[in-house]
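Enquirer: The structure under discussion is supplied below as structure tokens; questions concerning it will follow.
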């Protein structure tokens with residue numbers, strides 16, 4: 001049999017490369033992205049189809065008119081409590097109608113568990129809920145719900161990864177809250193790239209976001225109440241959300257799940273929130289029945305010492321609107337020719353700066369000592385109000401003398417040796433006094449004008465303006 005030579009060979013489909021950081025495209029691979037100059041971020045991707053791309057957002061588009069800002073009726077967005085106080089705190093009071101929430105975290109940290117518990121509570125309160133799973137089957141979700149004690153839950157479950165089918169289900173069912181677990185498994189037929197690619201994540205998130213914003217328009221075809229969509233996102237090995245950076249700009253709220261998988265405690269932190277405070281945190285404890293909120297998180301971050309020990313100082317940090325007491329521990333030991341400087345939960349560069357300030361202005365030298373600093377409980381402290389507590393813990397460890405029982409401190413330390421005030425100092429003092437602490441070392445500007453109120457009852461406050469004054473006060477206690 002002779003094959004005809006006139007049969008044209010199939011042309012190889014050309015590929016292009018998309019930056020995982022900015023989403024920029026390049027016809028060939030390069031070490032550096034030509035759009036954002038990031039290195040080693042170009043990933044091979046199949047080209048997008050040209051025909052459907054032109055008007056793929058048109059079904060959800062609506063002509064807009066110019067309006068005067070002062071004439072626009074500003075209506076507060078209605079919130080839907082989730083039944084979990086800690087989660088509501090991070091969200092700013094609950095789910096927002098028409099809002100889009102993105103929650104990310106390490107594998108197995110509890111994202112799906114918390115959202116399934118929240119959906120069950122919302123469903124029991126009368127909300128219409130939908131759980132779209134792309135990573136598990138319906139039977140696996142039911143098995144997890146049984147382990148969590150959610151027997152007889154009426155949450156609707158859809159095991160689907162096709163974007164068109166998910167949007168059709170959302171439009172037909174019109175749920176109050178819908179969870180997409182996870183956005184990296186969803187794919188659109190409009191693109192030829194694989195699920196989880198930069199183009200697919202950006203496209204699917206854009207369609208789901210547009211649906212959430214358009215679902216509540218009071219016209220003849222849609223209802224008056226919008227759907228709140230929660231997207232679960234994977235994270236990279238560096239801990240950042242996988243996919244294009246535009247994904248975080250697109251949504252209304254970005255939440256990060258933090259915590260060690262070997263510990264039973266989890267932190268949910270709001271990195272971005274258009275409807276509430278950023279850097280707000282919620283504290284949860286992982287139990288056999290799922291995640292439970294912790295009403296007094298300060299107890300987690302304080303070691304239970306029967307007697308004061310050297311190298312330990314309690315500080316009051318501010319996470320969003322919540323003041324929390326955290327124990328700072330320091331260990332100073334004789335080092336070799338190259339002493340080590342190591343900090344866990346605190347800025348490493350700031351530790352070196354504080355040691356230089358301690359030597360220059362307080363006369364405490366650690367140049368030949370190894371210095372290790374740790375924030376108890378795995379919490380990360382980014383605010384400079386921890387400076388004073390770090391210096392006191394280092395000095396206590398170096399001299400082998402513990403700080404008094406019931407002692408705490410906070411304040412920022414400058415390069416000139418001054419102790420600067422911390423924001424919302426009175427709230428920090430009230431939180432410590434409420435938990436039974438009796439001695440405070442704080443910046444002078446943070447001392448309340450009226451100390452005779454019940455909020456500061458039993459609290460002795462020492463005000464300082466410089467580092468050397470703080471060291472002198474501690475020596476005399």
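The values are calculated or read from the model by the stated rules, or taken from the named source; none is laboratory data. Not measured: the values here are computed from a predicted model. Neighbour counts are summed over all protein chains in view; Cβ atoms, including those assigned to glycine, are modelled from backbone coordinates with ideal geometry.
Enquirer: Hey, any hits in segment 381-394 for a residue that's out of contact with any helix residue (DSSP H, G or I) (no Cβ under 8 Å at 6 or more places or on another chain) and surrounded by fewer than 21 Cβ atoms within 10 Å (Cβ to Cβ)?
Expert: The answer is yes, given that some residue of segment 381-394 is out of contact with any helix residue (DSSP H, G or I) (no Cβ under 8 Å at 6 or more places or on another chain) and surrounded by fewer than 21 Cβ atoms within 10 Å (Cβ to Cβ).
Enquirer: A further question follows. Which count do you get for residues in segment 408-425 that are under 13 Å from residue 470 (Cα atoms) and buried (at least 24 other Cβ atoms within 10 Å of the Cβ)?
Expert: Total satisfying the criteria: 6.
Enquirer: Follow-up question, since we're still on this one. Answer yes if at least one residue in segment 438-449 is within 22 Å of residue 299 (Cβ to Cβ), surrounded by 17 or more Cβ atoms within 10 Å (Cβ to Cβ), modelled with pLDDT of 90 or more and under 28 Å from the mean Cα position of the chain (by Cα), and no otherwise.
Expert: There is no residue in segment 438-449 that is within 22 Å of residue 299 (Cβ to Cβ), surrounded by 17 or more Cβ atoms within 10 Å (Cβ to Cβ), modelled with pLDDT of 90 or more and under 28 Å from the mean Cα position of the chain (by Cα).
Enquirer: Write out, first by first residue and then by second, each pair whose Cβ atoms fall under 7 Å of each other, whose residues are 6+ apart or on separate chains, and whose first residue, in segment 321-341, is outside the structural domain of residue 381 (by TED's automatic domain parsing) and on the phi > 0 side of the Ramachandran plot while the second is surrounded by 15 or more Cβ atoms within 10 Å (Cβ to Cβ) and not in a strand (DSSP E or B).
Expert: Partner pairs satisfying both residue conditions: none exist.
Enquirer: Can you tell which of 435, 459 is surrounded by 15 or more Cβ atoms within 10 Å (Cβ to Cβ), within 14 Å of residue 325 (Cα to Cα), in contact with a strand residue (DSSP E or B) (Cβ under 9 Å, 6 or more places away or on another chain) and in the same structural domain as residue 364 (by TED's automatic domain parsing)?
Expert: Exactly one of 435, 459 is surrounded by 15 or more Cβ atoms within 10 Å (Cβ to Cβ), within 14 Å of residue 325 (Cα to Cα), in contact with a strand residue (DSSP E or B) (Cβ under 9 Å, 6 or more places away or on another chain) and in the same structural domain as residue 364 (by TED's automatic domain parsing), namely 435.
Enquirer: Which of the residues that make up segment 286-300 are touching a helix residue (DSSP H, G or I) at 6+ places or on another chain (Cβ under 6 Å) and modelled with pLDDT of 80 or more?
Expert: 290, 291, 293
Enquirer: If I ask for residues that are surrounded by 18 or more Cβ atoms within 10 Å (Cβ to Cβ) and in contact with a strand residue (DSSP E or B) (Cβ under 7 Å, 6 or more places away or on another chain), which ones from segment 280-292 would you list?
Expert: 280, 281, 282, 283, 284, 286, 291
Enquirer: Inside segment 92-112, can you point out the residues that are over 14 Å from the mean Cα position of the chain (by Cα), within 15 Å of residue 234 (Cα to Cα) and not in a loop (DSSP other than H, G, I, E, B)?
Expert: 112, the sole residue that qualifies.
Enquirer: Within segment 340-368, which residues are surrounded by 12 or more Cβ atoms within 10 Å (Cβ to Cβ) and either in a strand (DSSP E or B) or more than 34 Å from the chain's Cα centre (by Cα) (or both)?
Expert: Those that are surrounded by 12 or more Cβ atoms within 10 Å (Cβ to Cβ) and either in a strand (DSSP E or B) or more than 34 Å from the chain's Cα centre (by Cα) (or both): 341, 342, 343, 344, 359, 360, 361, 362, 364, 365, 366.
Enquirer: Quick check, is residue 73 without any contact (Cβ under 8 Å) to a residue 24 or more places away in the chain and assigned to a loop (DSSP other than H, G, I, E, B)?
Expert: yes
Enquirer: While we're on this one: The conditions are (1) touching a residue at least 40 places away in the same chain (Cβ under 8 Å); (2) surrounded by fewer than 22 Cβ atoms within 10 Å (Cβ to Cβ), and residue 146 fails exactly one of them. Which is it?
Expert: So the condition that residue 146 fails would be (1).
Enquirer: So, in segment 234-253, exactly how many residues are surrounded by fewer than 22 Cβ atoms within 10 Å (Cβ to Cβ) and in a strand (DSSP E or B)?
Expert: 1
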